[in-house]
Structures are given as C-alpha cells and as structure tokens.
Amino acid sequence: MGGSKKNYPTVLTDENLKSIRDKIIYYQRRLKSQKHLVNKCRFEKRVYIKDGKPAFAPINACTKSSPIFQVFKIWQQINNVEVSNVNKINEGGFDALGNRKLSPEEKAKLYHALDSVKELKAPTILKKYWG
C-alpha cells in the first residue's frame, strides 16, 4: 500500500487506510462454497474398502479451464485424425478406402504444433509439418 499512498496522499490518508483495512474489507460477506456445482468425473473413481469389500466413490471432474483438461482435449482431437489418400488404397497402412490413423511419431509432432499456438488450420499443418 506504500506505493498507492505515495501516489494519492490526499485520498489515502492513514485514517482512510485504517478504515479500508479494518472496516470495509473485514465486514465483507464471506464467499459461499461452490463445490456442489462441480461435476463428478465419469472416467475415474476412487477405490476404498468398506466392510471388507471394494467400494467406489466419484471424484471431482477437472475444470475446462485447467491445463490438464486442455491437453486432454488436444489429444482427443489428435486421436480422431485420419489421413486420406485414394492413391494408396490397401498399402502402407491405408485401408480399403485410402484412410489411415496417424503414427505415434506423427501424433507427437502434431501435438507439439497444436500446443504452441492458439489456432492452426489444416492447410498450414500439411504445408509446415508434412511438406
């Protein structure tokens, strides 16, 4: 608060600062817990022993703004990517329709490309990363 008081000496007097610190901030209403609004994870459960038998308890889901969730969404999209080439039907990993999934190396390359930018379009990916 020293810098603020120095910039506003007529407004932030010792009496006003004491009032802000001791009265205004102290008497604010406490925040209510919002735990009841957090969804339960549909993929993971906590395992514990109850009456000698294993029991399962749901755990809270990861928030959508979490970096872990964002990494999950990137990998979810990468795992759905298919490469198409009708000239390579039934050869080199391509199926009868000329489609194939990405190799682990290609997935890793694509992940690093997607993780470093906000948005990336297909033509840019093809030109920059696959020649």
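Restricting attention to segment 115-126, and to residues there that are surrounded by 10 or more Cβ atoms within 10 Å (Cβ to Cβ) and of a type outside the set (Val, Ile, Thr), which single residue is farthest from the chain's Cα centre (by Cα)? Among residues in segment 115-126 that are surrounded by 10 or more Cβ atoms within 10 Å (Cβ to Cβ) and of a type outside the set (Val, Ile, Thr), the one farthest from the chain's Cα centre (by Cα) is Leu126. On the basis of being in the same structural domain as Ala113 (by TED's automatic domain parsing), in a strand (DSSP E or B) and either among the aliphatic types (A, V, I, L, M) or in contact (Cβ under 8 Å) with a residue 24 or more places away in the chain (or both), does Val71 make the cut? Spelling it out, it is not the case that Val71 is in the same structural domain as Ala113 (by TED's automatic domain parsing), in a strand (DSSP E or B) and either among the aliphatic types (A, V, I, L, M) or in contact (Cβ under 8 Å) with a residue 24 or more places away in the chain (or both). Thr63 fulfils the conditions (1) within 20 Å of Lys128 (Cα to Cα); (2) within 20 Å of the chain's Cα centre (by Cα) except for a single criterion, (1). What number of residues within segment 98-131 are out of contact with any strand residue (DSSP E or B) (no Cβ under 8 Å at 6 or more places or on another chain) and either β-branched (Val, Ile, Thr) or not in a helix (DSSP H, G or I) (or both)? Count: 10. Applying the criterion of being polar (S, T, N, Q) and free of Cβ contacts under 8 Å to residues at least 24 places away in the same chain to the residues of segment 78-114, the residue that is surrounded by the fewest Cβ atoms within 10 Å (Cβ to Cβ) is Asn87. Considering only residues in segment 67-83 that are within 17 Å of Gly93 (Cα to Cα) and β-branched (Val, Ile, Thr), the one that is modelled with the highest pLDDT turns out to be Val81.
For segment 43-66, name all the residues that are of a type in the set (Gly, Ala, Ser), assigned to a loop (DSSP other than H, G, I, E, B) and either surrounded by 11 or more Cβ atoms within 10 Å (Cβ to Cβ) or modelled with pLDDT of 85 or more (or both). Hits for segment 43-66 are Gly52, Ala61, Ser66.
A single member of Ile20, Ile78 is outside the structural domain of Asp115 (by TED's automatic domain parsing) and assigned to a helix (DSSP H, G or I), and it is Ile20. Exactly one residue out of Leu120, Leu17 is within 30 Å of Lys6 (Cβ to Cβ) and in contact with a helix residue (DSSP H, G or I) (Cβ under 8 Å, 6 or more places away or on another chain): that is Leu17. What about Phe43, is it within 30 Å of Glu106 (Cβ to Cβ), without any contact (Cβ under 8 Å) to a residue 12 or more places away in the chain and outside the structural domain of Leu120 (by TED's automatic domain parsing)? Here the answer is yes, as Phe43 does meet what is asked.
The values are calculated or read from the model by the stated rules, or taken from the named source; none is laboratory data. Worth saying up front: this structure is predicted, and the values here are computed from it rather than measured. Neighbour counts are summed over all protein chains in view; Cβ atoms, including those assigned to glycine, are modelled from backbone coordinates with ideal geometry.
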